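Below is one structure; the comments refer to it alone.
FYI, it's all coordinate maths here, none of it is from the lab. All of these numbers come straight from a predicted model, not from anything done at the bench. With ideal geometry, Cβ positions are generated from the backbone for all residues, glycine too; neighbour counts draw on all protein chains shown.
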Amino acid sequence: MATIQWFPGHMAKAIRQLEENLHVVDIVFELVDARIPQSSRNPEIERIIKDKPHLVIMTKSDLADPEQTANWIKQFKRQGLPAIAVDSKANITTKTVTRISQSILADKLDNEQQKGLKERPIRAITVGIPNVGKSTLLNRLVNKRAAQVGDRPGVTKGQQWLRSSSKLQLLDTPGILWPKFDDEETGQALALTGAIKDQRFASDDVALYALKFFRQYYPKALQERYKLTENDFDLSDVDLLLKLTKQFGMKDDYERASDRLILDIRKSKLGRYTLNRTDGEVRG
Ligand SMILES: Nc1nc2c(ncn2[C@@H]2O[C@H](COP(=O)(O)OP(=O)(O)OP(=O)(O)O)[C@@H](O)[C@H]2O)c(=O)[nH]1
Ligand SMILES: [Mg+2]
């Protein structure tokens, strides 16, 4: 993924495009990363999409802690937001997404039928921060061989409707939101999962955040991956990072060791994890 720099001009353009497209869709599929369901949301989404019906799709659920994912779905529902978790590489079914969209829009669709309007497919747009899995989900929902449904007036020039099912159409261009990292921890959570790969965060800071987090929530995974002893858990985060650096054969190059640790975590070498916790303090 290219380095992302969200300049105000880019943000304004992304919002404008999204706002233009909102007029022609019935529902917004807001994609969030199941490992960071909070940090990967843009807090302004509600303001941007206003009262447009809205489904939260938690992507990469195969990488997240299943118990936390279940909690997050409940938490979103408590906020009045329907939510589902998917692994776009494997099990996402068009049927499930079609059915849940129909139930969210049931009143609107009933209303149209009562007015004698012809039954029509639901139109949706996917939105989310870079790298959250928008294109993967779109490809999965739209059978690649499926015919494009065609341009419609009002849609940004050159955009097409893609047929997902006979009841669901998707706009071919996903909406882009930008990650917000006003607080350090959100930034670190985004950096650790690979949602942002710019130079904004020093890798040793991200590695120390990761060590602190895994010690607290997934100590066994950390212990097994790096063959840690009980005594190692008494070390400070910094000393533990230095120990790992030596263990990796990197002498005192703790920056390189940090990159290695971060890559291991991104590649799920320490197993599945969710950084934004629903139990107790919600991180990030
Ligand atoms: N394990 C796993 N990986 C996924 C899933 N969805 C997407 N990915 C991976 O995440 C990376 C980014 O996916 P994309 O679909 O390109 O994300 P995007 O939101 O379109 O990214 P941009 O176009 O850069 O904004 C790719 O390496 C995908 O293979 C998922 O459900 N599970
Ligand atoms: Mg994409």
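Tabulated data
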{"read-out": "Antiparallel bridges, percent of DSSP beta bridges restricted to the chain (to nearest 5)", "value": "25"}
{"read-out": "Inter-probe distance in nm under a simple model that places probes 7 Å from Cα toward Cβ, at Ser135 and Lys212", "value": "3.5"}
{"read-out": "P(r), alpha carbons of the chain - 10 Å bins starting at zero, rounded %", "value": "6, 27, 31, 20, 11, 5, 1, 0"}
{"read-out": "The range 1-121: Cα Rg divided by the 2.2 N^0.38 Å rule of thumb", "value": "1.19"}
{"read-out": "Rounded tilt (10° steps) of 254-266 against the dominant C-alpha axis of the chain", "value": "40"}
{"read-out": "Lys, Arg +1 and Asp, Glu -1 on Cβ, resulting dipole of the chain about Cα centre, debye, nearest 20", "value": "1360"}
{"read-out": "Cα radius of gyration and Dmax for the range 63-222 (Å)", "value": "19.6, 62"}
{"read-out": "Length added when fully stretched, Glu112-Leu242, from 0.36 nm per residue minus Cα-Cα", "value": "40.3 nm"}
{"read-out": "Part-to-part distance (alpha-carbon centres) for the range 224-241 and the range 35-77, which is given in Å", "value": "33"}
{"read-out": "FRET efficiency, Met250 to Thr96 (Cβ-Cβ, R0 41 Å, nearest 0.05)", "value": "0.35"}
{"read-out": "C-alpha long axis of helix 66-78 to longest principal axis of the chain, angle in °", "value": "50"}
{"read-out": "Against the rule of thumb 2.2 N^0.38 Å, how large the Cα Rg of the range 184-266 comes out", "value": "1.02"}
{"read-out": "Difference of contour (0.36 nm per residue) and Cα-Cα distance, Lys220 to Glu185", "value": "10.3 nm"}
